[in-house]
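The next block holds one structure in the form of structure tokens; read it before the comments.
The values are calculated or read from the model by the stated rules, or taken from the named source; none is laboratory data. Predicted model only: the values in this text are computed from it and were never measured. Using ideal geometry, Cβ is built from the backbone for each residue, glycine included, and neighbour counts are taken over all protein chains shown.
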Amino acid sequence: MTPGYDSFALMAVVMARAFRDGEVVVMGAQPALPLAACRVARALHAPNLWYIVGGSGTVNPDPAVAPDSSCDARLAPAACALPLTDIVLLEGRGDTLDVFCAGGLQIDAYGNCNLICVGEWSRPTLRGPGTVGLPFLPAVRRSVIYTMAHTRRTFVKRVDFISGPGHPAAHGEERPYRQQGPSLVVTPMATMDFDPETRRMRLASVHPGVTATDVLKVTGFALGMPAAVPETPPPTDAELAALRRVRPRGAAGP
Amino acid sequence: MTPGYDSFALMAVVMARAFRDGEVVVMGAQPALPLAACRVARALHAPNLWYIVGGSGTVNPDPAVAPDSSCDARLAPAACALPLTDIVLLEGRGDTLDVFCAGGLQIDAYGNCNLICVGEWSRPTLRGPGTVGLPFLPAVRRSVIYTMAHTRRTFVKRVDFISGPGHPAAHGEERPYRQQGPSLVVTPMATMDFDPETRRMRLASVHPGVTATDVLKVTGFALGMPAAVPETPPPTDAELAALRRVRPRGAAGP
Amino acid sequence: MPARFLSPREAIAEFVSPGLTLGIGGMHMTAAPMSLVRELVRGGVRAGRLITSPSASMQADLLIGAGLVDEIISPYVGFEHLGLAPCFRRAAETGGRPRILECDEGSLSHALYAGAGGIPFMPCPPGIDLTDIPRVNPEMFRRTGDPFTGEERWAVCALRPDVALIACRETDPLGTVAFGRFPFTDRHLALAAKSLVVQVERMVTTAEMSARSPGETLPGFLVSAVVVAPGGCYPTASPGLYHADEDEIRAYLKAAKDPEGFAGYAAGLDATEDAYLERVAERPGVKDAR
Amino acid sequence: MPARFLSPREAIAEFVSPGLTLGIGGMHMTAAPMSLVRELVRGGVRAGRLITSPSASMQADLLIGAGLVDEIISPYVGFEHLGLAPCFRRAAETGGRPRILECDEGSLSHALYAGAGGIPFMPCPPGIDLTDIPRVNPEMFRRTGDPFTGEERWAVCALRPDVALIACRETDPLGTVAFGRFPFTDRHLALAAKSLVVQVERMVTTAEMSARSPGETLPGFLVSAVVVAPGGCYPTASPGLYHADEDEIRAYLKAAKDPEGFAGYAAGLDATEDAYLERVAERPGVKDAR
């Protein structure tokens, strides 16, 4: 990947394309990537996009220099801000937020996320920070999962702890809020979506310079494989220009 | 009662005397009387008194001209204001507020208040406005009951509907928050308190020019009667001067 | 999507079908969305259920008088020092509509919090236990066991209006709205509602809106429609802009003492809200706000 | 009573006995009451239980590293883009203290609301049902029946810290305090706490405080003690006054990678908070705030 963009840029652009005009996107800790993506989307195809940055509760923040923390006061030049306690209410309501941007130490074939621990909870080999708002994933119309680490340690058969619920494994089972669940996974190598029948993750596109075999090698479960895997369309000049305006200095994303 | 004060003045002063320095007083709809009383208390013996005016949530409002409504924006020159939803929380907490000033269409011997209806609830002869925050009376350290109508219609044997709980009638029964319950009743004729044994209302003092027999005549239950009934000390010059500064124009109180 | 700016008539026509559960904001004689309420009266739009703030006044009594409320959840309908609510009283004392679902301020506030948060029901703090309220309102109050202590407690159901009508002070071009001085429970009501129509006094820039503190604003994505109606809270107050017109409210209370008088008052609300606001624009306070 | 203005040492000595349930505010690397937290470390004051905001950073990790936390309720202990929390991680991975009561943001926020309001327990919105959280935390999560639908639901217990330590921006002479830009869940935490110690950056007049909007302030009667400590959130941010010092936080994260390094860092916190704040007063941002 040597052309005029890096993984962060490509991932931000791919996420931006997934946001539709008028939607409401919510993101949590370490928001660099989804924040950049929302701002790119708003600048290009989704001028009426709304986005909420986690802890600070800022709505549509548009800072001159994007900070890295979700609670940084430099997010304050925003359309407005909601108290975090109100965001918790809106998440639980289940009919207001369209996209939840989430990640995990582990992500499995059904899109379950785990931010809590690798190994047994009572004595983990790796203790993560904790789950914050991820139990609300099923309450939002759909979720977009992203990670900078496309490895077999991250993409596992079954997460050791469900902290952000994905699709139900059982056939026909419905999630309580009857939403779409995980719809897109974005990594530095590829994008994945979910088979509407089996609800298992499948490869959707490989980024320029990456092959399907490369992706399979670093994925710890049998990733669904369509007959033909398209290449992720690289960022356009317009996308890169929009991104340049909003990218945090030196951010590599989560 | 012809000297230089009327019922409102005497009642405000009597209530003011009941507030102790450092206490937190809360009042609801139609706050003219308790608001004046709090401001008099603060000006004289209780400089650290806190008082909260119902709906507006204003804390220690000190307006140039006191408005009659608890939600009037003219209450805004205040120490600060709490959202009403937070006041509801503090009321339920049961360990923060010291005095609740309440009233009723009906008040009974145990200090139960009724703001809902006279007669059967399903087809009342008089429908009152409703109870607002009165179910929280047992949550506050003690309550002060006031009414401008000392009549047999107001002071009844048993309220037709308990909307603001008073003392338990059963011997030894405790209220859930284990607070004092109703402690003082102020009317244009007298002040009453409650027998610590029977928890029934008893005459505490008669206002100047009123006799105990006068009070008994207009009270619809057997009011406790001490051997000697003192006269309510009339307002002092200092009290009247303090009241003059804070009294709503033409307010006769509730 | 960008906020939709509608006239009172358009907003009511689009968002309030007859029979819905309607939440209407404003507390005592302050910040009632009277432009929207008057439009309900003009259109004869019936509320299947009306949920108010902890203390409603004219916004409830006017609808009740017009026979437009089937059921009401309100901890208080009255006019403080100005007197009782004539139509509410008459309805209760003659056995007419609305059916009253008796409720208190705390339970209402918590029920809206629950509705806003997808919380299925709300255990009540002690206090309500000692009143007669749950006894007369089994629809909203049920017994439940505390799974931590085993104690039996009262619980109140979650409340979610189909539509909330509230009055705010300002909107910006994105439809983000800001409350005046006091949020009352209108913020909870707005968060609990499935759709939200907001009546405002004026338009400000997005930069001005940005400076307001969290808790004062509701972002445009929560707002279904904005109705810009300067003076629209009249005769109740728009806090910080104009006070309640107690003379006008007294005139209403006098007229509404009997059904004929009420009918006369309702007939005098003008054919359109524009005409009404034009007429009251000269009243003290409102004049300055326009 | 008039608010009591105390030094960090006095406030901790008077309000934080060892073994209490402590609520500590601040979210991610913003508005952590670090002056009070450092004083806990200096005094070796143990928290029987620590309740944080939905996302704690150094205020939790420092106490954990010093061995002062028996149990923790926190939906997140970490440092966002700067990395994981070294002491929290080490404790969990080696089976050391604190015992973790696993919890999420929503349940914490609702549990504090319940604690603040005398609500005995809080039914959870759906979502938590599908996670493993209730399974590993039976102390905080129990099944309960919805008395309106008959459905089984998860419920979370109410939380009431014995003492909450939070950072606000300002106090007035009456001890009424005002938050900076974002209230996070610190407002709920303060309302739920049995006593409340507030660290602030500066004193303003009561008239200035009066102009703040409801929801920004906590009245003095809720505040047990005020500690005026300009720069006291350092190295976290005081929103609107100074930013987090990421270099200093990185230095902490590096030092705290092993117990010896942590001990060295803790030993470098100076003997008194005054001395510490004097030393950091020249750091960018903090300088302007003082």
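Just need a number here: residues in the range A:38-76 that are part of a strand (DSSP E or B) and either farther than 22 Å from A:L10 by Cβ or not aromatic (F, W, Y) (or both). Break it down stepwise before answering.
Let us first name the residues in the range A:38-76 that are part of a strand (DSSP E or B), namely A:50-53, A:58-59.
Filter again for either farther than 22 Å from A:L10 by Cβ or not aromatic (F, W, Y) (or both), leaving A:50, A:52-53, A:58-59.
Number satisfying all stated conditions: 5.
Hey, among D:G106, D:G115, D:G127, which residue is closer than 26 Å to C:P147 by Cβ, at pLDDT below 95 and crowded, with 24+ Cβ neighbours inside 10 Å? Let's see the steps before the verdict.
Numbers: D:G106 fails: at pLDDT below 95; D:G115 fails: at pLDDT below 95.
Within the list D:G106, D:G115, D:G127, the selection yields D:G127.
Taking B:V140, is it crowded, with 24+ Cβ neighbours inside 10 Å, of a type outside the set (G, A, S) and at pLDDT 95 or above? Step through it out loud before you land on a result.
Numbers: crowded, with 24+ Cβ neighbours inside 10 Å: yes; of a type outside the set (G, A, S): yes; at pLDDT 95 or above: yes.
Considered against the rule, which asks whether it is crowded, with 24+ Cβ neighbours inside 10 Å, of a type outside the set (G, A, S) and at pLDDT 95 or above, B:V140 comes out as yes.
So that you can scan it fast, the table gives a plain yes or no per residue for (1) charged (D, E, K, R); (2) in contact (Cβ under 8 Å) with a residue 24 or more places away in the chain:
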{"site": "B:D195", "(1), (2)": "yes, yes"}
{"site": "B:R202", "(1), (2)": "yes, yes"}
{"site": "B:L216", "(1), (2)": "no, no"}
{"site": "B:A222", "(1), (2)": "no, yes"}
{"site": "B:A227", "(1), (2)": "no, no"}
{"site": "B:E239", "(1), (2)": "yes, yes"}
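Pull out all pairs, ordered by first then second residue, where Cβ-Cβ is under 6 Å, the residues are six or more apart or on different chains, the first lies in the range D:113-141 and is within 14 Å of chain B (Cβ to nearest Cβ), and the second is of a type in the set (D, E).
Partner pairs satisfying both residue conditions: D:P120/C:D146; D:F121/C:D146.
What is the number of the single condition among (1) surrounded by 22 or more Cβ atoms within 10 Å (Cβ to Cβ); (2) modelled with pLDDT under 95; (3) more than 10 Å from every other protein chain (Cβ to nearest Cβ) that B:R39 does not meet?
For B:R39, the exception is condition (2).
Are there any pairs, at least 6 apart or on different chains, whose C-beta atoms fall under 6 Å, with the first in the range A:100-122 and within 19 Å of A:P138 (Cβ to Cβ) and more than 12 Å from chain D (Cβ to nearest Cβ) and the second part of a loop (DSSP other than H, G, I, E, B) and among the aromatic types (F, W, Y), and if so, which?
From the range A:100-122, the pairs are A:A109/A:F221.
Return yes or no: is B:L137 facing chain C (nearest Cβ under 9 Å), in contact with a strand residue (DSSP E or B) (Cβ under 6 Å, 6 or more places away or on another chain), outside any loop (DSSP other than H, G, I, E, B) and not basic (K, R)? Please lay out each step first, then the result.
Values: facing chain C (nearest Cβ under 9 Å): yes; in contact with a strand residue (DSSP E or B) (Cβ under 6 Å, 6 or more places away or on another chain): yes; outside any loop (DSSP other than H, G, I, E, B): yes; not basic (K, R): yes.
When the stated conditions are applied, B:L137 passes them.
I'm trying to understand the selection: among the residues of the range C:170-187, which are aliphatic (A, V, I, L, M) and not in a loop (DSSP other than H, G, I, E, B)? Quick ask: steps written out before the conclusion?
First pass over the range C:170-187, keeping only residues aliphatic (A, V, I, L, M): C:174, C:177-178.
C:V177, C:A178, listed by residue number.
For the range D:194-224, which positions are under 20 Å from D:A13 (Cα atoms), hydrophobic (A, V, I, L, M, F, W, C) and out of contact with any Lys or Arg (no Cβ under 7 Å at 6 or more places or on another chain)?
If we filter the range D:194-224 for residues that are under 20 Å from D:A13 (Cα atoms), which is where we start, we get D:194-200, D:222-224.
Still in the list and also hydrophobic (A, V, I, L, M, F, W, C): D:196-198, D:200, D:222-223.
Listed by number, the residues that qualify are D:L196, D:V197, D:V198, D:L222, D:V223.
Would you be able to say whether some residue in the range A:173-186 is more than 30 Å from D:C103 (Cα to Cα) and of a type in the set (D, E)?
The initial filter retains those residues of the range A:173-186 that are more than 30 Å from D:C103 (Cα to Cα), namely none.
No, every residue in the range A:173-186 fails to be more than 30 Å from D:C103 (Cα to Cα) and of a type in the set (D, E).
Sort out which residues of the range A:158-172 are more than 10 Å from every other protein chain (Cβ to nearest Cβ) and under 26 Å from D:E105 (Cα atoms), and write them in order of number. Explain how you work it out, then say what you get.
Looking only at the range A:158-172, we keep the residues that are more than 10 Å from every other protein chain (Cβ to nearest Cβ), and these are A:158, A:167, A:169-172.
Of everything in the range A:158-172, those that are more than 10 Å from every other protein chain (Cβ to nearest Cβ) and under 26 Å from D:E105 (Cα atoms) turn out to be A:R158, A:H167, A:A169.
Out of the range A:173-210, which residues are in contact with a His (Cβ under 6 Å, 6 or more places away or on another chain), within 14 Å of another protein chain (Cβ to nearest Cβ) and either surrounded by fewer than 17 Cβ atoms within 10 Å (Cβ to Cβ) or over 18 Å from A:C101 (Cβ atoms) (or both)?
Answer for the range A:173-210, where residues must be in contact with a His (Cβ under 6 Å, 6 or more places away or on another chain), within 14 Å of another protein chain (Cβ to nearest Cβ) and either surrounded by fewer than 17 Cβ atoms within 10 Å (Cβ to Cβ) or over 18 Å from A:C101 (Cβ atoms) (or both): just A:R199.
Would you point out the residue of the range C:142-161, among those that are under 27 Å from D:L108 (Cβ atoms) and under 27 Å from the mean Cα position of the chain (by Cα), that is farthest from the other protein chains (Cβ to nearest Cβ)? Spell out how you get there, then give the answer.
Initially, the range C:142-161 is screened for residues under 27 Å from D:L108 (Cβ atoms), giving C:142, C:144-160.
Then keep just the ones that are under 27 Å from the mean Cα position of the chain (by Cα); that gives C:142, C:154-160.
Values: C:R142: 4, C:W154: 9, C:A155: 6, C:V156: 9, C:C157: 5, C:A158: 8, C:L159: 12, C:R160: 8 Å.
The extreme case among them is C:L159.
For the range A:15-31: of the residues being in a helix (DSSP H, G or I) and surrounded by fewer than 24 Cβ atoms within 10 Å (Cβ to Cβ), which is nearest to the chain's Cα centre (by Cα)? Before you say what the answer is, go through the steps one by one.
Kept after step one, since they are in a helix (DSSP H, G or I), are these residues of the range A:15-31: A:15-18.
Subsequent filtering for residues that are surrounded by fewer than 24 Cβ atoms within 10 Å (Cβ to Cβ) retains A:17-18.
Details: A:R17: 12, A:A18: 10 Å.
It comes out as A:A18.
Would you call C:T94 on the phi < 0 side of the Ramachandran plot and out of contact with any strand residue (DSSP E or B) (no Cβ under 9 Å at 6 or more places or on another chain)? Give the steps one after another, and end with the answer.
Values: on the phi < 0 side of the Ramachandran plot: yes; out of contact with any strand residue (DSSP E or B) (no Cβ under 9 Å at 6 or more places or on another chain): yes.
For C:T94, the condition - on the phi < 0 side of the Ramachandran plot and out of contact with any strand residue (DSSP E or B) (no Cβ under 9 Å at 6 or more places or on another chain) - is met.
Can you confirm whether the range D:212-229 contains a residue that is over 17 Å from D:Q59 (Cα atoms), polar (S, T, N, Q), crowded, with 24+ Cβ neighbours inside 10 Å and modelled with pLDDT of 95 or more?
Yes: one or more hits.
List the residue pairs whose Cβ atoms are under 9 Å apart, where the first residue sits in the range C:90-107 and is facing chain B (nearest Cβ under 8 Å) and farther than 29 Å from B:S56 by Cβ, the second is at pLDDT 95 or above and surrounded by fewer than 23 Cβ atoms within 10 Å (Cβ to Cβ), and the two are 6 or more positions apart or on different chains.
Every condition considered, the pairs that remain are C:E93/B:G119; C:E93/B:R123; C:E93/B:P124; C:E93/B:T125; C:E93/B:L126; C:G95/B:S122; C:G95/B:R123.
Being facing another protein chain (nearest Cβ under 10 Å) and in a loop (DSSP other than H, G, I, E, B) is the filter; apply it to the range D:194-211 and report the residue that is surrounded by the most Cβ atoms within 10 Å (Cβ to Cβ).
D:K194
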